[in-house]
Amino acid sequence: MDSVEEIKRRKMLELLKKMEKAKEGVSEEKVDRTKALLDSCLEKEAKVYLQQIRKNKPEVAQRIEKELLQTVYRVYSANRVLPLFRFVEIEFLRRRIEGESPTILIKRRGEGEAKTIREHLGKA
């Protein structure tokens, strides 16, 4: 009796392992397809910038990729031409995700370094 139960348990474990491997294979395939789709929608400069973000801030890169994919799927479902994302758009998304506000710098001739508008207007 014990040997029959043991055999059943082993078979169940084997089946569970096979199912897990199949799930991993599907998820890896899905990741590969989404990366290929994103790469086809990014300009060269934007690809390099996104790779740098992936290395330094992986969670920010994931959110950027998620937003880009949502945009691509929205455009694709409307039967339009897929967009080509530029460096500026990736940088805009990164800044928005990180909560970084845009800054405008002013540099006058003859002055050494650039100043923010706030610093410049504070003197006036």
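Bear in mind that the values in this text are calculations on the coordinates, not laboratory data. Owing to the predicted nature of the structure, the values given are computational and were not obtained by experimental measurement. Using ideal geometry, Cβ is built from the backbone for each residue, glycine included, and neighbour counts are taken over all protein chains shown.
The angle between the Cα long axis of helix 58-77 and the longest principal axis of the Cα atoms of the chain comes to about 90 degrees, rounded to the nearest 10.
Would you kindly state how much longer the chain becomes between residue 109 and residue 9 on full extension, computed as 0.36 nm times their sequence separation minus their alpha carbon distance, in nm to one decimal? Kindly include the intermediate steps, with their values, before the conclusion.
Values: separation 100, 0.36 × 100 = 36.00 nm, distance 8.04 nm.
Result: 28.0 nm gained on full extension.
With R₀ set to 41 Å, the beta-carbon distance separating residue 33 from residue 95 gives a calculated FRET efficiency near 0.90.
Partner lysines whose Cα lies under 23 Å from the Cα of residue 21, excluding those fewer than 8 positions away in the same chain, are identified as 8, 11, 30, 35. Largest mean-square fluctuation among 103, 71, 34, in a Gaussian network model of the chain whose springs join Cα atoms under 10 Å apart, belongs to 103. Among 45, 89, 59, the order by Cβ neighbours within 10 angstrom, fewest to most, reads 59, 45, 89. The modelled label-to-label distance for the pair residue 18/residue 48, using points 7 Å beyond Cα in the direction of Cβ, is 4.9 nm. Let me make sure I get this right: for the stretch 40-100, a, b and c are the square roots of the gyration tensor eigenvalues over alpha carbons, sorted descending. Under 1.5 in a/c it's rounded, otherwise prolate if a/b > b/c, else oblate. Which is it? It is prolate, given that a/c is not under 1.5 and a/b is the larger ratio. In a solvent-free Debye calculation with one equal scatterer on each Cα, what is log10 I(q)/I(0) for the chain at q = 0.09, 0.16 Å⁻¹, listed in the order of the q values? Here the Debye-derived log intensity ratios amount to -0.50, -0.90. When the helices in the chain are scored as -39500 (n - 2.57) per DSSP H run of 4 or longer and the sum is shared across all residues, what 222 nm value do you end up with, to the nearest 500 deg cm²/dmol? Helix contribution divided over all residues of the chain: -25000 deg cm²/dmol. Note on the stretch 1-40: along the principal axes its Cα atoms extend 59, 5, 5 Å, ordered by decreasing extent. Residues 55, 47, ranked from the fewest to the most other C-beta atoms within 10 Å, line up as 55, 47. Which of rounded, prolate or oblate describes the stretch 66-124 when judged by the alpha-carbon gyration tensor and an a/c cut-off of 1.5? The shape class here is prolate.
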